[in-house]
Amino acid sequence: MNMLRRTALILPPYLWLLMLFLVPFLIVFKISLSDIELAIPPYTPTYDPEKGIWDLLSQLDFENFIFLSEDSLYFKAYLSSLKIAIISTFLTLLVGFPIAWAMARAADHWRPTLMMLVILPFWTSFLIRVYAWKGILSQEGYLNQMLMNIGLISDPLVILNTNIAVYIGIVYTYLPFMVLPIYATLEKLDESLNEAAVDLGCTRTSAFWLVTLPLSKPGVIAGCFLVFIPALGEFVIPELLGGSNTLMIGKVLYQEFFSNRDWPVASAVAVILLLILIIPIILFQKNQEKQEAGQ
Amino acid sequence: MKKSLLPLALAAFAAPAFAEEVRVYNWSDYIDESLLEKFEEETGIDLIYDVFDSNELLETKMLAGSSGYDVVVPSGTFLQRQISAGAFQPLDRAQLSNIGNMWDVVASRTAQYDPDNTYSINYMWGTTGLGVNVGKVTEILGEDAPLDSLALIFDPANMEKLAECGVHFLDAPSEMIPAALQYLGEDPDSHDPDVIAKAEPVLMAIRPYIQKFHSSEYINALANGDICVAFGWSGDVLQAAGRAAEAENGHEIAYNIPVEGALMWFDQMAIPADAQNPEGAHKFLNFIMDPENMAAASNYVFYANGNLAAQEHLVEDVIGDPAVYPPAETIENLFVTTPYPARVQRTVTRMWTKIKSGT
């Protein structure tokens, strides 16, 4: 009886994982072992009931993965995505922490309003907000016009279609994901700890570095992962704001699939991206567990 | 009298709930949108109109199967590939009463992609050439700037200077590589990997100066003065010129067919093999082949069409513009391409990825 209950409890999450992760993954994995073909669908072999499953399996090979390893493009694209993701996570933290801190220190009756203001941008489509940045950052855009009008610069700055625009886009888009977890930890922070530090001879500043910052670590880590993981595979922001020099794995994946129409290679890139993303996701999971154990 | 109208009015409200649908997938900025409403009014069919900006993207959807569209518009070479993959159904000419309006000069050319035009009708055709902001480019390169030569975009000395005001290239290897080969004096339609490889150093030498590879953004970017040169499609550049003139922002945009020769392409309307509503799709094709409708579309987007009867309805800005309807001696200088074999295709796409990403 107990056994049955346990199975019933465990079954739904496992079924969920099976249907929404494992089955799609296996389909993509199978395509990554196939060959390109001008047909519908554009790869071979496909399952033929007459010849059976063994005939299908015998035609699969790891050719596409060998192709990826022989071409430095894919490795460089991964490294470049990693760089962009790390830098933009750091920048998001730099911008997000002071916001979260100010929110946590604000008077009680202001907090719901401030919280609302952080969430408010989500009411507009993400795509439209990224598109709006094109209008701000372009050569004849609002930013350049403003800077030129106040006489700060004489020639327009080239920001759109460079990596700088990608950083701006990622920081802007993911800022709430950084602010909210940090705010959650800072808000719960016991203010008396800071007072005690000051009473014991700390200045306000050193109290911040010695007390507030270490205690906000769980929120900072959660925020960083929430920004880093999606930024690594980001496609829309580099596509809209980045230029020809922006190399990201999300863009390469799109190119393989939609421009080169090479589903097998695109699937192989996707399989590798997934394997690479699993590492930070596992680290995140571990961190969450540790945090829960700590509480 | 008033009473008897009520049921009719009710019926009119009730009808759309069960209305028939036609789903059309066409290039962006490629129709006068009032035609879409006109089609709905004339036929009572709900028209769902989506747009794309690359043949490659369309082919991905076609080869995935079940695209959900009833009419799609691939260019000649892509049409030919997709026909061989079994993506389209033959047209039923009995349902196309307007087919007699088509222009035999264009039809004979499109027949090389689609023998006897079995699967498709020509929608529009054009060339791939140079879109320039005349003022900005002459300011940078001087009065004798080669505004109508491929040297403008393939000579690194010119591109280095133009980089500061912005250059966009089409994100279309099947058009950019033939152009580079033409600049070198090679056969632009070569399928020989060794010849195709010669395009790589030309494109790699200028890639640092290209702000973006994109196939539709350049219309607005040219019109707003964000970029000063685009290698793009004839009508798109002319639309940019129109938008700049309308905005009176001081940017003069011109479209030039390169003197070295340019790619001539044909966009063909075809019906996917698995279309949900082939009958409605035929109605749409027939509607497009109506001379007035076709002329309205061309007058709006500045592309030539394959419809002879439509020519009398074209405005002078379109039929009289040599950039839209090139004179016979220019047409002689235009070239066409044929699809790459699968093996060569991979070389081409890999080269393109290298050019776009720099690695």
Residue set A:S72, A:S88, A:S81; condition of a type in the set (S, T, N, Q), more than 30 Å from B:L79 (Cβ to Cβ), within 14 Å of another protein chain (Cβ to nearest Cβ) and surrounded by 14 or more Cβ atoms within 10 Å (Cβ to Cβ); output residue A:S81
Subset of region B:84-98, residues under 14 Å from B:A270 (Cα atoms), away from every other protein chain (no Cβ under 14 Å) and aliphatic (A, V, I, L, M), comes to B:L91, B:L96
Picking from B:A342, B:A328, the residue that is surrounded by fewer than 16 Cβ atoms within 10 Å (Cβ to Cβ), among the hydrophobic types (A, V, I, L, M, F, W, C) and within 14 Å of chain A (Cβ to nearest Cβ) would be B:A342
### Task
Say whether the condition of being assigned by TED's automatic domain parsing to the domain that holds A:E289, among the aromatic types (F, W, Y) and more than 30 Å from B:P339 (Cα to Cα) is met by at least one residue in region A:231-247.
no
Does region A:45-63 contain at least one residue that is within 18 Å of A:L273 (Cα to Cα) and within 27 Å of the chain's Cα centre (by Cα)?
no
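Would you point out which residue out of B:A273, B:A304, B:A244, B:A262 is open to solvent by 10 Å² or more (accessible area, probe 1.4 Å) and hydrophobic (A, V, I, L, M, F, W, C)?
B:A273
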Picking from A:L210, A:L275, the residue that is more than 16 Å from the chain's Cα centre (by Cα) and aliphatic (A, V, I, L, M) would be A:L210
Selection over region A:232-248 where residues are more than 11 Å from every other protein chain (Cβ to nearest Cβ) and either closer than 18 Å to A:L275 by Cα or assigned to a loop (DSSP other than H, G, I, E, B) (or both) yields a count of 4
Being in contact with a Ser or Thr (Cβ under 9 Å, 6 or more places away or on another chain), touching a residue at least 24 places away in the same chain (Cβ under 8 Å) and on the phi > 0 side of the Ramachandran plot narrows B:D29, B:D53 down to just B:D29
Of the listed residues (A:I229, A:I278), the one being on the phi < 0 side of the Ramachandran plot and either open to solvent by less than 60 Å² (accessible area, probe 1.4 Å) or within 14 Å of another protein chain (Cβ to nearest Cβ) (or both) is A:I229
If we keep only residues of region B:210-234 that are assigned to a strand (DSSP E or B) and within 12 Å of another protein chain (Cβ to nearest Cβ), then the residue nearest to A:S259 (Cα to Cα) is B:F213
For helices (runs of 4 or more DSSP H) lying entirely in region A:131-225, having 2 or more residues that are open to solvent by less than 60 Å² (accessible area, probe 1.4 Å), more than 14 Å from every other protein chain (Cβ to nearest Cβ) and over 30 Å from B:Y218 (Cα atoms) picks out A:163-188, A:191-199, A:204-207
A:D35 fails exactly one of (1) of a type in the set (D, E, K, R); (2) modelled with pLDDT under 90; (3) out of contact with any strand residue (DSSP E or B) (no Cβ under 7 Å at 6 or more places or on another chain); (4) open to solvent by less than 90 Å² (accessible area, probe 1.4 Å), namely (3)
Checked region B:55-72 for anything more than 7 Å from chain A (Cβ to nearest Cβ) and either crowded, with 18+ Cβ neighbours inside 10 Å or touching a Leu at 6+ places or on another chain (Cβ under 6 Å) (or both); matches are B:N55, B:L58, B:K61, B:M62, B:S67, B:Y69, B:D70, B:V71, B:V72
Restricting region B:345-357 to residues that are within 9 Å of chain A (Cβ to nearest Cβ) and open to solvent by 30 Å² or more (accessible area, probe 1.4 Å), the one nearest to B:V105 (Cα to Cα) turns out to be B:R346
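Let's see how each residue does on (1) touching a Pro at 6+ places or on another chain (Cβ under 9 Å); (2) assigned to a helix (DSSP H, G or I):
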residue	(1), (2)
B:Q82	yes, yes
B:P90	no, no
B:I99	no, yes
B:V106	no, yes
B:R109	no, yes
B:Q112	no, no
B:D116	no, yes
B:M124	no, no
Restricting attention to region B:173-209, the residues that are facing chain A (nearest Cβ under 9 Å) and within 25 Å of the chain's Cα centre (by Cα) number exactly 2
Checked B:D53, B:D70 against criteria (at pLDDT 95 or above and closer than 21 Å to B:D29 by Cα); the one match is B:D70
Exactly one of B:D317, B:D321 is charged (D, E, K, R), over 24 Å from B:K212 (Cβ atoms) and either in a loop (DSSP other than H, G, I, E, B) or touching a strand residue (DSSP E or B) at 6+ places or on another chain (Cβ under 7 Å) (or both), and that residue is B:D321
The condition from (1) open to solvent by 50 Å² or more (accessible area, probe 1.4 Å); (2) within 14 Å of chain B (Cβ to nearest Cβ) that A:P41 misses is numbered (1)
In the set B:Q112, B:Q82, the lone residue that is open to solvent by less than 10 Å² (accessible area, probe 1.4 Å) and either modelled with pLDDT of 95 or more or of a type outside the set (V, I, T) (or both) is B:Q82
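The values are calculated or read from the model by the stated rules, or taken from the named source; none is laboratory data. Because the structure is predicted, anything quoted here is derived from the model rather than measured. Every residue, glycine as well, gets a Cβ built from its backbone with ideal geometry; the counts of neighbours run over all protein chains shown. Please note that ligands, DNA and RNA were not included when accessible areas were found on the heavy atoms of the full protein model with its side chains. Shrake-Rupley method; radii C 1.70, N 1.55, O 1.52, S 1.80 Å.
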